Every structure is written in structure tokens, then in C-alpha cells.
């Protein structure tokens, strides 16, 4: 049986403690030994996300056969914003695929070596998520608010850049391990 | 096809044989994703989500194509950016509580649709999909490169 938020409230706890940009500001400027430069990898996922979003907006009516529709701007914006929010403060992350649906929906997808995550945003605002942790075999899914909570809990973990040294230290959100395995 | 649509009657949904297939042709780059765990391009579950504004999934009906003496993949070359094709057995689709309809359109008398699809069905449909034409990995990679190059060009202009 798949877990739900009602049966596992700790799913709502953040997987990784994020530090807000304001909190990173030094109380005294000389505390920084060297200038802080923008991370190239942040630019990479951000640019990849932007490219995918732009691509969705180029699709015309009928792109996926008879009756298929364009992807509304508000759905593309929402998908992009959710990803940007979920990866805020994460230096080493892969951009997700933004996969279009002929009904005007968008699916945010990562398929990494350690796991995968798919968040479907329908044109009418509904959400559905499916995720898998390949390290444990755990699977989960959820809808709407539960989907949103799961997305924010798992996105940073699944998007963690494989080649980065910190990746080894990036632990999966623990609650799922015993629960969904 | 236009004349066929005028002259021929659509098949009743219930008369479609359960052991015949609903053929979904996959298009690149929109239906495939690169899976790092498998090290290859594979289907996105989104390829089995609703493909129309009225939330049906489009495809072709194997039974009708074969009845007319054609190969199941006869229309594959006509699909733009085709990258592979899969088949869903109609009986297996029905066990998920979904209905398969013959839904001819002017451009394709063999066109069918699956109705009643919700987000939670996508993954289940992907799991029962049988490959008819394997995803062309080189073509998938080429389409993705072209997609990225086109977007880079637009960004630099």
C-alpha cells in the first residue's frame, strides 16, 4: 500500500534544510575570504529549465494528433516556478524534463541514477506525483496538496547532480525508507 | 481517408476485440526522456496521458488496420518525428476501467481513442505497453540535440 500524508505526517518535513539567501549574508562583509561567485551549475539547471519552458510554448494545436492543444502559458509558468522554488539554494542540480501533454498539461520529470520523480500539472490546476527511490525500491504517489508536499520534499534529492562530490552526502528523505519499501 | 470517413460506419466500442492492440506512435522529442539509470532514451509516462483537450488518448486501432490488409505499422512513416511505436492490448486497457473507442477523423479512419484517463492511469498504461517499434536511440538523441540547438539559437538572437 502506498503511503499517504495522513498516515505519514513527517513527509511534510523538508528533506534538506535550506538556507535562505538572506541568511547567507555575512554580518560583517570581511568574513568572506574570497568573493562569492554565482555557481555555474545553478545557471545550468536554471537555463535548462528556461529552455524546456520555451520549447513548450512553441507547440501548436494538433502537435500530438487530432484534438491536441497548445500548452497554456500559466501552466508552463507554474511548472517552472515550482521547480525554481524546489531547487532554490541548491548548487548542483540537474534541470528536469518538462514533458507536454496534448490536453495542455505539463509533467516535470527527473530520471536519475538514484531515483525518479514525475509531477503532472493539469491545465485545470490538479497535481499528481509519482516517485521512486532506486536505492531502496520505495515508490510513492499522491495528488494535489499531498503531491505538492512530496514534490518539495523529494525534488532536490532526485535532482542532485550525479557528478558532484556532495552527492554522496545527499541522503534521501528518511521517512520514506521504512514506510514505502 | 476523407471518403472512408463518409462512407464507412465507425465500429462500436464493445465490438473491438480485446486481444487486438491500440497503437500509440511516439514522437520525439516530446514523448521520450533520457533515463540515466537505464542509460538510454525511454518512454515518458506522459505519452500515455490524455492527448486531447477533451482528455482522450489518441492512437490507431490494429484490428481495423489489419482487416483492410495493411501492416500495423503502415502509417508510421506518415507521423511527423516518429521515434517508435507501442501497443496497448484493448483487453488490458479495459481492465484499468478505461474505454477504447473507434473515433475516425478526416485524416485517419483507423484513429481510436481511450477515454476516462486520469493522471494516475498514465503509469499503469506505460507498464502494459508492448513495444512494436523500439525507440530509435540515435534519432532520439538527434532530435534532442536539434531541440536544444534551436532553443540556443533563439536565445542568442
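Read-outs: derived from the displayed coordinates by stated rules, not from any lab. Only a predicted model underlies this, so the values are computations on that prediction, with no experimental measurement involved. Glycine also receives a Cβ, built like all others from the backbone with ideal geometry; neighbour counts cover every protein chain displayed.
One table, with the values for the structure above:
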{"read-out": "Average partner coverage of B:117-124, which counts Cβ from other chains inside 10 Å", "value": "5"}
{"read-out": "Largest-first principal axis extents, alpha carbons of segment B:108-157, Å", "value": "43, 28, 24"}
{"read-out": "Average beta-carbon neighbours from other chains, 10 Å sphere, peptide A:136-147", "value": "1"}
{"read-out": "Helix-only mean residue ellipticity at 222 nm for chain B, each DSSP H run of n ≥ 4 adding -39500 (n - 2.57), per residue, nearest 500", "value": "-9000 deg cm²/dmol"}
{"read-out": "Segment B:71-157, Cα convex hull volume normalised per residue, Å³", "value": "155"}
{"read-out": "On Cα atoms only, tilt of B:137-156 relative to the major axis of chain B in degrees", "value": "60"}
{"read-out": "Normalised convex hull volume, segment A:39-130, alpha-carbon set, Å³ per residue", "value": "92"}
{"read-out": "Cα-based shape type of segment B:90-129, given that a ≥ b ≥ c are square roots of the gyration tensor eigenvalues and the cut on a/c is 1.5", "value": "prolate"}
{"read-out": "B:123, A:64, B:54 arranged by Cβ crowding within 10 Å, fewest neighbours leading", "value": "B:54, B:123, A:64"}
{"read-out": "Rg [Å, one decimal], Dmax [Å, integer] - segment B:2-157, C-alpha atoms", "value": "16.6, 55"}
{"read-out": "Likely footprinting exposure, B:133, A:129, fewest C-beta neighbours within 10 Å first", "value": "B:133, A:129"}
